[in-house]
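As structure tokens, the structure follows; a few thoughts come after it.
Computed from the coordinates by the stated procedures, all read-outs in this text should not be read as laboratory data. Just so it is clear, the model here is predicted, and its values are computed rather than measured. Positions of Cβ are backbone-derived with ideal geometry, glycine not excepted, and every protein chain shown enters the neighbour counts.
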Amino acid sequence: MSPIRPQVRRLDPVLVDRIAAGEVVERPASAVKELVENALDAGARSVEVTIEAGGRRLIRVVDDGAGMSAADLALAVERHATSKLPDGDLSRIASLGFRGEALPSIGAVARLSITTRTAEAESGASLTVDAGLRGEVRPSPAARGTRVEVTDLFAATPARLKFLKSDRAESLAVGDAVRRLAMARPGIRFSLRSESGSPLVLPAETEPETGPLRRLSAVLGSDFAPNALPVAMAREGFSLSGFTGLPTYHRGAATHIHFSVNGRPVRDRLLLSAVRGAYADTMASDRHPVLGLAIACDPGLVDVNVHPAKTEVRFRDPALVRALIVSAIHDALRRAGARASTAGAARALDALRPGGAFTGWHGGAGRRPLAGHLPSVGAPHSGWRPGPSTGTTPPPEAAMAFAAAGGFAEEAPALFSGGLAPPAAEIRAPEGVGTAPQEALSEAPLGAARAQIHETYILAQTRDGLVIVDQHAAHERLVYERLKRERDGGGIARQGLLIPDVVEMAPAEAARLSAAAPDLDRLGLTIEPFGPGAVLVRAIPAALVGASARDLLRDVLDALDESGLEEGGLDGAEEPGGLGTRVSPIARRLDAILSRMSCHGSIRAGRRLRPEEMNALLREMEATPLAGSCNHGRPTFVELKLSDIERLFGRR
């Protein structure tokens, strides 16, 4: 029996539209996104969105854009009919939509009603599409612009309804789509209303200097503005502008990272990777920054036609775009200097309030979150105690609560009697710091040192408040930045050991270190093989004098395992890594080695400091970029305003 030959036939046009709808209209939020993009392409200055049942029962989008004529309206619901490609050039797409699929796709799976009028027309026109069946264009009274209503979404494809989430979840997705478009277009007024929850109303921000930040704050939260840094940089046809958050102002997911390209919100892996690289040594690896950045370029330099939902793009020169983002964010963070986020102050105030509870703090490597209730003011000592001098210490806001509970009172006599023992490691104070009047030091950004709490935290008084500094985290950042400056300058200064130190370890570990010896030597760490299971240390970086060679090599081994340094060298393949420069990927990984090494040259927790040394540390922090966080992303200090402290005691 011969096999039956399948016959090739054309699909029914309605079925074609429903298949296309599966790509374009995945859920109500997809339909809202397409309709709002149409409104923006039509030049709308105000867009109003209304939904019911998460958009399943009703989606209404009203705009004050250019509108359509009756003839254009009839074509708008046809497949592949659009006004957005006047010359048919797909290499220079300047609009948000361009495929001409949204309206016919929505009409194929729901009931679609469009009413529109141009500024020149005396009356409007309306058209209805019901599950793919197109009605006739009819005259209709209408204001200038377009009103689109979608009812009973997916009624023509009931199987799709089973894959929708709850009405609340779909409403949240619609809100997210509208907010992303609103951040990309701050000059447009947006409103979103639903039967559940308060309406979202975002007025048009017409001031070019202040408007973008106000729009971002309205969407990302009012605490974004005081923790945001301006970003502005241009290079070879690309410009980047917007605001990025401080390293100590972060979230547990990347959902607060927002990019737009020529006014189009995008979620692109290249851009997210660039952000991770920019914050690599200022934020813990499992935390994410908060930012809103806009990329502007010639449409010919970016391809937006690579994804059905148009949420991903492809740049002609991706390395240049990545380098632009990394350099611009680095520049913004370094210009910020030593600046603390308001989140740390809020946590500290919560911990200090009577009966307050500190329920967790996210630290970097080597730290565990502290959970549980802290003692309230006046309570006996029943909480945690400062950790040993291993660097594993409670967060500064928790230390404040402990000090308020009586810890500070115990240490007060030693702190103010002048009987401080000299530290094991010297801090060189700038000339005049030790003898400068306390009143003058209080005018400095980080103030004048007044006390050392539990030999771990420095308490400084500023003109309008106080600052609590984690001495180990702060000095770790200072040593790290010093090592990087020396490496990028004439090379890291090293100190030869009078008696070379022999460090024994597993043969595989010794072999791994020996293979990386040439590269480590450029970092000031000179080693050589000493038998099958040992390494001879001849010199270490001068900034790490006094550190344990064994502990130092252990941390270097950990960094080698993470970065794979032994698999290459500084002379390996290069890639663009900065504006106008070529940076070896191995050279970037060396920062991870330096970050590990810097910990060994830092003041340890539990080390007592003299007043002039504490002030020297504060002044060096003020002069060092990125001093607001350590290499692992932990905050180095918390700042409390006097008004905040007064509220704790009911004075305000």
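Among 175-186, 639-650, how do they line up by average Cβ neighbours within 10 Å per residue, starting with the highest? Write out the running numbers ahead of the final one.
Working: 175-186: 22.2, 639-650: 14.8.
Per-residue mean Cβ counts within 10 Å order the peptides as 175-186, 639-650.
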Taking θ = phi - 60°, what integer Hz values does the Karplus form 6.51 cos²θ - 1.76 cosθ + 1.60 yield along segment 275-282, in sequence order, with x for Gly and Pro? 5, 4, x, 5, 9, 4, 9, 10
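Given segment 504-549, what whole percent of its Cα pairs are spread farther than 17 Å? Each step should come with its number before you reach the end.
Values: 312 of 1035 pairs.
Every Cα pair in segment 504-549 considered, those over 17 Å come to 30 percent.
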Just to be sure I understand the curve: with the Debye formula and one point per C-alpha of segment 211-336, what is log10 I(q)/I(0) at q = 0.09, 0.20 Å⁻¹? -0.23, -1.17
Scan around residue 493 for amide H atoms under 5 Å from its own, H built in the peptide plane at 1.01 Å from N, and keep only partners 5 or more places away or cross-chain. 542
Between residue 239 and residue 273, what is the label-point separation in nm under the 7 Å Cα-to-beta-carbon projection? 2.8 nm
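Would you mind getting me the FRET efficiency between residue 75 and residue 286? Use the beta-carbon distance for r and R0 = 51 Å, nearest 0.05. All intermediate terms of the calculation are to be shown ahead of the outcome.
Values: r = 51 Å, r/R0 = 1.00.
Given R0 = 51 Å and the Cβ-Cβ separation, E is 0.50.
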The distance between the Cα centres of segment 219-254 and segment 145-218, in whole Å, is 22 Å
Segment 42-58 - phi-based ³J(HN,Hα) in whole Hz, Karplus 6.51/-1.76/1.60, Gly and Pro as x: 7, x, 5, 9, 9, 10, 10, 10, 10, 9, 9, 6, x, x, 6, 8, 8
With the Cα gyration tensor of segment 13-202 in hand, convert its eigenvalues to equivalent ellipsoid semi-axes via √(5λ) and list them largest first in whole Å. 23, 20, 17
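Would you kindly calculate the mean projected area, averaged across all directions, of the convex hull enclosing the Cα atoms of segment 229-270, in square nanometres? Please report the intermediate quantities before stating the final value.
Details: hull surface 15.1 nm².
Seen from a random direction, the Cα hull of segment 229-270 projects 3.8 nm² on average.
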Nonlocal amide H pairs with residue 124, under 5 Å, H built at 1.01 Å: 140, 142
Taking 23 Å as the cut-off for C-alpha to C-alpha distance, list the pairs among 33/165; 84/165; 84/162 that go past it. 84/165; 84/162
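At a 10 angstrom cut-off on C-beta neighbours, averaged per residue, how do the peptides 478-489, 622-633 rank from highest to lowest? The partial results should precede the final answer.
Values: 478-489: 18.5, 622-633: 21.8.
Highest mean packing first, the order is 622-633, 478-489.
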Would you mind putting 141-151, 105-115 in packing order, based on average other-beta-carbon counts within 10 Å, highest first? 105-115, 141-151
